[in-house]
Amino acid sequence: MNIPGLTAYTRTRRTARRDSRRQRREVREQRLGLLARESAPPAAPPSWRAGRGGRALAVLWCAQFLWFVVRPGVEERTGTTPGDWISLGWATMFATWMACRLGMWRVSAGHSGVWIRRFWTVRFLPWQQLSRVDMRRDGLLEFFDGHRQPMAGLYGPAWLNRILGRPDTGQETADVLTVMARHPRLRPVTDPDRRLRGTPFVVWSPLALGVVALAGLLP
């Protein structure tokens, strides 16, 4: 059904959103140009990781998982089947992944590209395949490499930073990585070592499963 007033309103809103996106892109391009002119290559490979807020959220997530999931499952041992323990194990793996995404994420940049710490591996993105890095509304960094769009990090969203009066560190990180992708002269001269890149999150899974198993064995 074509309602003239509603159709005109929808078209106006669509045009306004398109103009707003174009304006944000233009502002960012100006900011990236200024950053490229004023920046120098870092003396050492930079690395970005979760802050105190992310680590605090990870601790709270683990605490609520132990209290609301593990504790009831361990206390109700009567009638528990092997399938129940398998389900609890998978839930523990998911909780481990979520806790690591909140409080243990890491992104490192080097001369060859960017290393993103993930659950099963530390993923490597060469600079040649990286066009830009954007900061999403949910606080995640989105990497555009022409084929896939992996996401990493977890910053405070821009709208929350504006309310709290805090700097938008996620957008700053995205800008730095984008400038490095576009300008080879601004990249580090060396690659980060294994310690700086970190290890996959899965290495913490045995510890989490061990905690659940110990809770099940205790009287």
### Task
Considering only residues that are assigned to a loop (DSSP other than H, G, I, E, B) and modelled with pLDDT under 95, look in segment 45-60 and name the one that is surrounded by the fewest Cβ atoms within 10 Å (Cβ to Cβ).
GLY51
### Task
Go through ALA109, ALA99, ALA95 for me and flag whichever is touching a Cys at 6+ places or on another chain (Cβ under 6 Å) and open to solvent by less than 40 Å² (accessible area, probe 1.4 Å).
ALA99
#### Entry: Breaking point among (1) in a strand (DSSP E or B); (2) out of contact with any Phe, Trp or Tyr (no Cβ under 6 Å at 6 or more places or on another chain); (3) not hydroxyl-bearing (Ser, Thr, Tyr), for VAL107
(2)
### Task
Considering each of ALA181, ALA95, ALA99 in turn, give the residue that is assigned to a helix (DSSP H, G or I), at pLDDT 90 or above, over 15 Å from the mean Cα position of the chain (by Cα) and under 17 Å from GLY54 (Cα atoms).
ALA95
### Query
Which ones in segment 129-168 are over 20 Å from ILE116 (Cα atoms) and either among the aromatic types (Phe, Trp, Tyr) or modelled with pLDDT under 85 (or both)?
TRP159
### Query
Among the residues of segment 126-139, is there at least one that is over 15 Å from the mean Cα position of the chain (by Cα), in a strand (DSSP E or B) and exposed (fewer than 15 other Cβ atoms within 10 Å of the Cβ)?
yes
### Task
Working only within segment 140-174, note down all residues that are open to solvent by less than 70 Å² (accessible area, probe 1.4 Å) and part of a helix (DSSP H, G or I).
ALA158, LEU160, ASN161, THR169, GLY170, GLN171, THR173, ALA174
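The values are calculated or read from the model by the stated rules, or taken from the named source; none is laboratory data. The structure presented is a predicted model; accordingly, all values stated were derived computationally and were not measured. As a convention, Cβ positions derive from the backbone with ideal geometry for all residues, glycine included, and neighbour counts pool all protein chains shown. Keep in mind that these areas ignore ligands, DNA and RNA; they rest on the heavy atoms of the full protein, side chains included. Shrake-Rupley method; radii C 1.70, N 1.55, O 1.52, S 1.80 Å.
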